Amino acid sequence: MNSPAFLTAAAHPLRWQMLTELSRSDLAVHELTGRVAQSQNLVSYHLGKLRKAGLVTARRSSADGRDTYYALDLARCSELITGMGGALHPALRLTTPPVRRAARTRVLFVCTGNSARSPMAEALLRHRAAPDGAGSPVEVLSAGVRPKPVNPHAVAVMAARGIDISHARPRHLDDVAGRPFDHVITLCDRAKENCTAGTAHWSMPEPRELSEFHDTAGLLDRRIAFLMHTLGEEGS
């Protein structure tokens, strides 16, 4: 019987180390080589293995076309890990534990214009943290390097999810400078270059058409669902 795909791909010590780093932030190759202290050729080889297994995705940087950002596909990993125990015996089938409520945590989402990705992320995290409208354990804000009015497509897409951001106003990154945040997550590659306080990066293309805004909202919601587990662990 063949080994489960996740076990085969992740069992190598260096690949496991790379997956661990990518679970925290999307990274370019030169960043990843620094994190794992290995040569670029070796890191690139193992990235190829992880991409072939469907655990890691790649996206060309919108700020510097010469760079590529690598991201861990958490949903795919969850699917494979959940089924891995069941491949050995049905009694070992894994289930995802519920998210614990975190202690008060401060999160800032940053993109270039604070017009689409970051206000959508702010609203989605706020909604997940307090779906019943009760006191939220998470304080979340968004800001932009060069703010511009919130995109009507972002408002429409959030409204379709039952979330109202029609009153959102763009906020400059300077307006939150000096405020303490536990997590500062950049959502576009240009913002990453201008936000030295960033603790993690989610490399996401700028949506332009309405369908792309729907795709962006879905991707953000999936990543925020996993972020909630991180916040829960910190607050436990």
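The values are calculated or read from the model by the stated rules, or taken from the named source; none is laboratory data. Everything quoted here is computed from the prediction, not taken from an experiment. All Cβ positions, glycine included, derive from the backbone under ideal geometry; neighbour counts span all protein chains shown. Note: areas computed on protein heavy atoms with side chains; ligands, DNA, RNA excluded. Shrake-Rupley method; radii C 1.70, N 1.55, O 1.52, S 1.80 Å.
Quick notes
- Residues in segment 210-236 that are out of contact with any Ser or Thr (no Cβ under 9 Å at 6 or more places or on another chain), more than 19 Å from residue 127 (Cβ to Cβ) and in contact (Cβ under 8 Å) with a residue 24 or more places away in the chain were compared, and the one that is surrounded by the fewest Cβ atoms within 10 Å (Cβ to Cβ) is 236.
- Where a residue in segment 18-44 is without any contact (Cβ under 8 Å) to a residue 24 or more places away in the chain and its partner, wherever it lies, is surrounded by fewer than 16 Cβ atoms within 10 Å (Cβ to Cβ) and assigned to a loop (DSSP other than H, G, I, E, B), with Cβ under 6 Å and at least six apart: none
- Only one of the listed residues (208, 222, 190) is out of contact with any strand residue (DSSP E or B) (no Cβ under 8 Å at 6 or more places or on another chain), at pLDDT 90 or above and outside any helix (DSSP H, G or I). That residue is 208.
- Residue ID - farthest from residue 76 (Cα to Cα), chosen from residues in segment 193-203 that are modelled with pLDDT of 95 or more and either hydroxyl-bearing (Ser, Thr, Tyr) or open to solvent by less than 10 Å² (accessible area, probe 1.4 Å) (or both): 201
- For segment 81-137, the tally of residues that are surrounded by 15 or more Cβ atoms within 10 Å (Cβ to Cβ), at pLDDT below 80, of a type in the set (Gly, Ala, Ser) and part of a helix (DSSP H, G or I) stands at 2.
- Residue in segment 28-61 that is surrounded by the fewest Cβ atoms within 10 Å (Cβ to Cβ), counting only those that are of a type in the set (S, T, N, Q) and closer than 21 Å to residue 188 by Cβ: 57
- Qualifying residue in segment 4-23 (condition: exposed (fewer than 14 other Cβ atoms within 10 Å of the Cβ), within 29 Å of residue 205 (Cβ to Cβ), more than 16 Å from the chain's Cα centre (by Cα) and at pLDDT below 95): no
- Filter result (in a helix (DSSP H, G or I), out of contact with any helix residue (DSSP H, G or I) (no Cβ under 7 Å at 6 or more places or on another chain) and surrounded by 15 or more Cβ atoms within 10 Å (Cβ to Cβ)) within segment 138-155: 155
- Of the residues making up segment 161-187, those that are assigned to a loop (DSSP other than H, G, I, E, B), surrounded by 13 or more Cβ atoms within 10 Å (Cβ to Cβ) and either touching a Cys at 6+ places or on another chain (Cβ under 8 Å) or not β-branched (Val, Ile, Thr) (or both) are 161, 168, 170, 171, 181, 182, 187.
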